[in-house]
């Protein structure tokens, strides 16, 4: 199981010390990009991202919660992203989604597709043989600290069953309300990557990461 701390919840007064703990104990950093339009909140731009890139060799997992993922994918690819995940709901048709996936791959990045809680897994089935990652939102995107939506388990099972039947290699990532109470069940359903923000950064950062790893 890969633990991907969401730095939306990082204490920026403790930037260096907390990032050092992530560098020593994690494989991924999850970086949420919000434009105030696709979701009702704003987050980080490329300059803050570059500070993380400069100080970490971890996989930079960029999640675009934006209305124009073509534009923002360019910005964060140039800033040093290792993976770019965009929302199925942000683009109008299959052709544009495939175009963006190909563009991300052409720039030597991993490409991911994400779905909101109310989006059916069936809507992304035609893309699953093209992407490296599927990000299932287990809360409504845009804010940290929300409660986990129980329907998420069934979506993960669907994605895992389809992956096994079709012999595909995409990773399944879950973001929202992840903690030590639901992590094991998420793993059992087929999750490969846990994005955790509030749970990881509240209290003892290393101990919280270790608690999630212990469930592996």
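The values are calculated or read from the model by the stated rules, or taken from the named source; none is laboratory data. This is a predicted model, so every value here is computed, not measured. We place every Cβ from the backbone using ideal geometry, glycine too, and count neighbours over all the protein chains shown.
Contact list please: Cβ distance under 7 Å, first residue in region 167-193 and at pLDDT below 95, second residue assigned to a helix (DSSP H, G or I) and surrounded by fewer than 20 Cβ atoms within 10 Å (Cβ to Cβ), pairs at least six apart or on different chains.
Between residues of region 167-193 that are at pLDDT below 95 and residues that are assigned to a helix (DSSP H, G or I) and surrounded by fewer than 20 Cβ atoms within 10 Å (Cβ to Cβ), the close pairs are 180/211.
Given 155, 181, 171, 166, which one is surrounded by fewer than 14 Cβ atoms within 10 Å (Cβ to Cβ) and under 24 Å from residue 94 (Cβ atoms)?
It is 166.
Anything in region 175-216 that is more than 16 Å from residue 153 (Cα to Cα), part of a loop (DSSP other than H, G, I, E, B) and over 15 Å from the mean Cα position of the chain (by Cα)? List them, or say none.
202, 203, 204, 214, 215, 216
Yes/no matrix, rows are residues, columns are (1) buried (at least 20 other Cβ atoms within 10 Å of the Cβ); (2) over 23 Å from residue 124 (Cα atoms):
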residue: 3; (1), (2): yes, yes
residue: 20; (1), (2): no, yes
residue: 63; (1), (2): yes, no
residue: 98; (1), (2): no, no
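Take the residues of region 110-127 that are farther than 19 Å from residue 168 by Cβ and surrounded by 15 or more Cβ atoms within 10 Å (Cβ to Cβ): which is nearest to the chain's Cα centre (by Cα)?
116
Go over the candidates 141, 117 one by one and state the one that is closer than 20 Å to residue 72 by Cα and part of a loop (DSSP other than H, G, I, E, B). Steps first, please.
Details: 117 fails: closer than 20 Å to residue 72 by Cα.
Residue meeting the stated conditions: 141.
Looking at (1) loosely packed, with under 15 Cβ neighbours inside 10 Å; (2) under 24 Å from residue 208 (Cα atoms), which is the one condition that is false for residue 42?
Checking residue 42 against (1) loosely packed, with under 15 Cβ neighbours inside 10 Å; (2) under 24 Å from residue 208 (Cα atoms), the one that fails is (2).
Would you say residue 147 is assigned to a loop (DSSP other than H, G, I, E, B), exposed (fewer than 15 other Cβ atoms within 10 Å of the Cβ) and without any contact (Cβ under 8 Å) to a residue 60 or more places away in the chain?
yes
Mind checking which residues of region 122-137 are under 19 Å from residue 100 (Cα atoms) and either part of a helix (DSSP H, G or I) or free of Cβ contacts under 8 Å to residues at least 12 places away in the same chain (or both)?
Correct list: 123, 124, 125, 126, 127.
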